[in-house]
Structures are given as structure tokens and as C-alpha cells.
Amino acid sequence: FRLLTEAGPGRTISPTDVARKIAVRDWQLLMPTVRRAAVGLALAGRLRIYRKGKPVDPNDFKGVYRLGLPHQD
């Protein structure tokens, strides 16, 4: 969440950024863990997963994605 806050309102971050922040070496091994955590947080409403700039269903997305904070309405 710190990386998302630092990115600023309405901005997204790459899951790769998260993995690299946790482990400088072998960060690629963390990518499945980052994805699982992102899905869980998205289902809890604490995070949004984006694909091509649009929010996606956390249970049904493929390919490259980004992470963002939920909109504060």
C-alpha cells in the first residue's frame, strides 16, 4: 500500500514493482504470490486490479495487469 500511496491518487503500479521491493534478487519467484495477494485484496475491496486501464474482475483476468487503490467516492 505504501507504493500505491507514493504513486499518488488515481495512479497504478506494476505488480513487478511490488515483487522487486520485497526481493531485489529472484523477484520473479514472488510474482505468483503477489498476484494471489492482489486478488485477495481486490475481493476484500482494498485494491483494484486493472487491465488496459480498466478495472477487471479479480476472479477472471489474464495477462499484464496493474494495481491501484479503490476510488474514494
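The values are calculated or read from the model by the stated rules, or taken from the named source; none is laboratory data. Here the structure is a predicted model, which means the values were calculated and not measured. Reconstructed Cβ throughout: ideal geometry from the backbone, glycine too, with neighbour counts over all protein chains shown. Quick note on the areas: whole protein, heavy atoms, side chains included, nothing else; ligands and nucleic acids left out. Shrake-Rupley method; radii C 1.70, N 1.55, O 1.52, S 1.80 Å.
Just a few scattered comments:
- Cβ separations smaller than 9 Å between residues 6+ apart or across chains give the following pairs from region 44-58 residues that are under 16 Å from Phe1 (Cβ atoms) to residues that are assigned to a loop (DSSP other than H, G, I, E, B) and acidic (Asp, Glu): Ile49/Asp57.
- Residues located in region 39-61, provided they are within 8 Å of the chain's Cα centre (by Cα) and open to solvent by 40 Å² or more (accessible area, probe 1.4 Å): Arg48
- Qualifying positions in region 23-38 - open to solvent by less than 30 Å² (accessible area, probe 1.4 Å), farther than 13 Å from Phe1 by Cα and either among the basic types (Lys, Arg) or at pLDDT 95 or above (or both): none
- All conditions but one from (1) among the acidic types (Asp, Glu); (2) open to solvent by 100 Å² or more (accessible area, probe 1.4 Å); (3) assigned to a helix (DSSP H, G or I) apply to Asp17; the one that does not is (2).
- Those residues of region 20-60 which are touching a strand residue (DSSP E or B) at 6+ places or on another chain (Cβ under 9 Å) and part of a loop (DSSP other than H, G, I, E, B), in sequence order: Leu47, Gly53, Val56, Asp57, Pro58
- Scanning region 2-14 for residues that are surrounded by 11 or more Cβ atoms within 10 Å (Cβ to Cβ) and not in a helix (DSSP H, G or I) yields Arg11, Thr12, Ile13, Ser14.
- Taken over region 1-30, the criterion of being closer than 19 Å to Val64 by Cβ and of a type in the set (A, V, I, L, M) is satisfied by Leu3, Leu4, Ala7, Ile13, Val18, Ala19, Leu29, Leu30.
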